[in-house]
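Chemist: The structure is given below, and queries will be raised subsequently.
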Amino acid sequence: MSDIIQLIKDKDPEQKEFHQAVAEVLETVKPVLDRNPQYRKENILSRITEPERVIMFRVPWMDDTGQIQVNRGFRIEMSSAIGPYKGGLRFHPSVNLSILKFLAFEQVFKNALTTLPMGGGKGGSDFDPKGKSDHEVMRFCQSFMAELFRHIGENTDIPAGDIGVGAREIGYLFGMYKKLRNEFTGVLTGKSLAWGGSLIRPEATGYGCVYFAAEMLSVKNDTLQAKTCLVSGSGNVAQFTVEKILELGGTVKTLSDSAGYIYDEKGIDADKLAYVMHLKNIQRGRISEYAEKYPDAVYTPTDDALDYNPLWDHEADCAFPSATQNEINGTDAANLIKNNVTLVAEGANMPSTPEAVNIFLDNKIMYGPGKAANAGGVAVSGLEMSQNSMRLNWPGEEVDNRLKGIMRSIHKSCVYAAAEYDQPGNYVAGANIAGFVKVVNAMLDQGLV
Ligand code: NDP
Ligand code: 2IT
């Protein structure tokens, strides 16, 4: 086991995030390998940690001043064991092979948990949409798709959104794909409603994460009613996490972006959330503006000199990290425990460092890891694919009910798998084992390919 991790580290020493994601999964599936000797015999761990295909390409585009810019584009096609490659595109200056390989690796198990037939992939670019005009974003997306289109397809690889890729970017990407292929297919998910999108897809990750939290609480005969929650981020996932928490009777006191966070003692109510949605999705403004609009709220700028994030150092019952990877370190996790947080549900992918995860597990709090708790987004992407194939649109209520059913089923799979391997209540073990077994059995069925 540690041999495989060492080999992976030796091969790509700089891919720290990928090593982190792989180590977590491989450590938790050790008892599965001990019980199923054929997995080792078939060298499953080496096979599952090597992407089926990695695509890297140049993305040249012209900015509004007439200067030529060049970014790097990627698509990691990690696993097609249980369906076509499926996963989002991230546009953020930090994007590199390590980050996309960790995301693609997580996506494989997450997608397996959804019960839908989707393999795993991830892609994106180091392009930063922040501060760019709509025309610049459009030209970038068109150039990106001018290469990506030859690698994807509705039965091959179906990208979607992630950080920096929302409805606007999906629209430009889809338009270029359609032009190049001369076909109108469901090759991307997260499309607008008028041209093949699904109701509830924008809401799905945030809603799904809160449904998962509600499932964890229901095991303890508890609900979100009157719970105080800390939410990080202020993008797609964070916004709809807040919306669903409010609907279920909870209070949310924080939101953030990369420049800082706001703490609103009175709570972010529906009107304030509507303001945040307009600020972030239409004006593309900063969360600091919230504290100008609502002076009772306190804005704290990000301080890189601190070794902890003060957002996580407030009294609360629940935490919903919904910004980015490794945003909760060991100190933050200890602060959450000190402040009486008993539930953490991850809207973001791998937001907790290994030290933080261990603190949550040692303290036996309800801890829903990203690949289970945030699977609602890709699950509704899968439902969007089904609707596209059938050429019809389900009503929002039907999609929402299916989403609830899927989150309930993911929760149940985690609970069963954890219990089967003598780790009751450990959702990390449960999610990794349940996803791993499904993918690995499909690989063995299909032979050495
Ligand atoms: P958005 O781009 O809509 O929002 C991202 C938010 O996180 C912004 O508030 C952004 O602030 C903040 N953020 C991004 N990078 C950093 C950073 N390095 N440090 C601090 N804050 C940061 O993305 P989403 O809401 O879609 O994604 C949020 C998380 O959820 C990601 O981890 C993503 O992988 C995960 N996820 C998303 C799904 C989806 O369907 N969209 C599905 C499942 C998981 P700023 O604007 O300043 O950059
Ligand atoms: O991390 C994720 O699951 C996503 N960004 C959503 C992927 C998708 O295909 O909808």
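The values are calculated or read from the model by the stated rules, or taken from the named source; none is laboratory data. Predicted model, so just to flag it, every value in this text is computed and none were measured. Cβ placement follows ideal geometry from the backbone for every residue including glycine, while neighbour counts extend to all protein chains displayed. Accessible surface areas use protein heavy atoms only, side chains included; no ligands, DNA or RNA. Shrake-Rupley method; radii C 1.70, N 1.55, O 1.52, S 1.80 Å.
Chemist: For segment 317-449, what is the charge dipole size about the Cα centre, in debye to the nearest 20, if Lys and Arg each add +1 at the Cβ and Asp and Glu each add -1 at the Cβ?
Modeler: 240
Chemist: If you build a Gaussian network model of the chain, linking Cα atoms that sit under 10 Å apart, which residue out of LEU383, LEU306, LEU188 swings the most?
Modeler: Highest fluctuation of the listed residues: LEU306.
Chemist: Go through segment 351-366 residue by residue and turn each phi into a ³J(HN,Hα) via Karplus (6.51, -1.76, 1.60, θ = phi - 60°); whole Hz please, and just put x for glycine and proline.
Modeler: For segment 351-366, the Karplus curve yields x, 9, 5, x, 4, 5, 4, 4, 5, 4, 5, 4, 8, 6, 7, 6 Hz.
Chemist: Okay, next question. Could you give the size of the charge dipole of segment 175-247 about its Cα centre, using +1 on the Cβ of each K and R and -1 on the Cβ of each D and E, expressed in debye and rounded to the nearest 20?
Modeler: Details: 8 positive and 6 negative charges, 78 e Å.
About 380 debye.
Chemist: May I pose another question? Based on alpha-carbon positions alone, could you give the equivalent ellipsoid semi-axes of the chain from the gyration tensor, as √(5λ), descending, whole Å?
Modeler: For the chain, the ellipsoid semi-axes come out as 30, 29, 21 Å.
Chemist: So with the 1.4 Å probe, I'd like the accessible area per residue for the chain, rounded to whole Å².
Modeler: About 41 Å² of surface per residue is accessible.
Chemist: Another question about this same structure. Can you flag which of LYS266/LYS404; LYS227/LYS266; LYS16/LYS280; LYS110/LYS438 are past 22 Å Cα-Cα?
Modeler: Values: LYS266/LYS404 29 Å; LYS227/LYS266 13 Å; LYS16/LYS280 31 Å; LYS110/LYS438 11 Å.
Where the Cα-Cα span goes over 22 Å, the pairs concerned are LYS266/LYS404; LYS16/LYS280.
Chemist: Continuing with the same structure: At a 1.4 Å probe radius, carbon and sulfur cover how many percent of the accessible area of the chain?
Modeler: On the chain, the fraction of accessible area on carbon and sulfur atoms equals 51 percent.
Chemist: Give, rounded to the nearest 20 debye, the magnitude of the charge dipole that the chain has about its Cα centre when Lys and Arg contribute +1 at Cβ and Asp and Glu contribute -1 at Cβ. Please report the intermediate quantities before stating the final value.
Modeler: On the way: 46 positive and 56 negative charges, 278 e Å.
The dipole of the chain has a size of about 1340 debye.
Chemist: Something else now. Determine the calculated [θ] at 222 nm for the chain from helices alone, applying -39500 (n - 2.57) to every DSSP H run no shorter than 4 residues and normalising by the residue count; nearest 500 deg cm²/dmol.
Modeler: Mean residue ellipticity at 222 nm (helix-derived): -14500 deg cm²/dmol.
Chemist: Right, something else. Give the residue from GLY153, GLN67, ALA356 lying farthest towards the positive end of the charge dipole for the chain; charges sit on Cβ (+1 for Lys and Arg, -1 for Asp and Glu) and the dipole is referred to the Cα centre.
Modeler: Most positive-ward Cα: GLY153.
Chemist: Gain in length, ASP445 to SER218, computed as 0.36 nm per residue apart minus the alpha-carbon separation, to one decimal in nm?
Modeler: Here the answer is 78.1 nm.
Chemist: Turning to a different aspect of this structure: Using a 7 Å offset from the Cα along the Cα-to-Cβ direction at both VAL70 and ASP10, what is the distance between the two label points in nm, to one decimal?
Modeler: A separation of 3.4 nm, rounded to one decimal place.
Chemist: A follow-up question, please. Roughly how large, in nm² to one decimal, is the mean projection of the convex hull of the alpha-carbon atoms in segment 220-264?
Modeler: For segment 220-264, averaging the hull's shadow over all directions gives 3.4 nm².
Chemist: Could you give the length gained by full extension between ALA419 and GLU289, i.e. 0.36 nm per residue of separation minus their alpha carbon distance, to one decimal place?
Modeler: Gain on extension, ALA419 to GLU289, equals 42.1 nm.
Chemist: Could you identify which residue out of PRO295, PRO117, PRO159 has the top mean-square fluctuation in a GNM of the chain using Cα springs shorter than 10 Å?
Modeler: Looking only at PRO295, PRO117, PRO159, the biggest GNM fluctuation is shown by PRO295.
Chemist: Take the alpha carbon atoms of segment 4-48, find their center, do the same for segment 131-197, and report the distance between the two centers in whole angstrom.
Modeler: Their Cα centres are 33 Å away from one another.
Chemist: Follow-up. Tell me, how many Å apart are the Cα centres for segment 389-422 and for segment 239-258?
Modeler: 22
Chemist: What's the center-to-center distance, using Cα atoms, between segment 209-229 and segment 294-337 in Å?
Modeler: So the separation of the two Cα centres works out to 21 Å.
Chemist: Here is a further query. What do you get for trypsin sites (Lys or Arg not before Pro) in segment 74-156 restricted to DSSP loop and a cutoff of at most 16 other Cβ within 10 Å of the site's Cβ? Please list the in-between numbers first.
Modeler: Details: sites: ARG75, LYS86, ARG90, LYS101, LYS110, LYS122, LYS130, LYS132, ARG139, ARG150; in loops: LYS130, LYS132, ARG150.
Of the trypsin sites (Lys or Arg not before Pro), the ones in loops of segment 74-156 whose Cβ has at most 16 other Cβ atoms within 10 Å are LYS130, ARG150.
Chemist: Considering the chain as a Gaussian network with a 10 Å cut-off on Cα pairs, which listed residue, SER94, SER352, SER198, attains the greatest mean-square fluctuation?
Modeler: SER94
Chemist: On to the next question. Of the listed peptides 42-50, 343-351, what is their order by residue-averaged count of other C-beta atoms within 10 Å, with the highest listed first?
Modeler: Listed from highest to lowest mean packing, they are 343-351, 42-50.
Chemist: Oh, and also: Over the chain, what relative contact order in percent results from Cα pairs under 8 Å that are six or more residues apart?
Modeler: Relative contact order comes out at 16 percent.
Chemist: Right, here's the next one. Go from 0 up to the bin containing the longest alpha carbon distance in segment 124-222, width 5 Å each, and give me the % of pairs per bin.
Modeler: 2, 12, 20, 20, 15, 11, 6, 5, 4, 2, 1
Chemist: Quote to one decimal, in nm, the extra length available between THR115 and GLU27 on full extension: 0.36 nm per residue of separation minus the C-alpha distance between them.
Modeler: 29.3 nm
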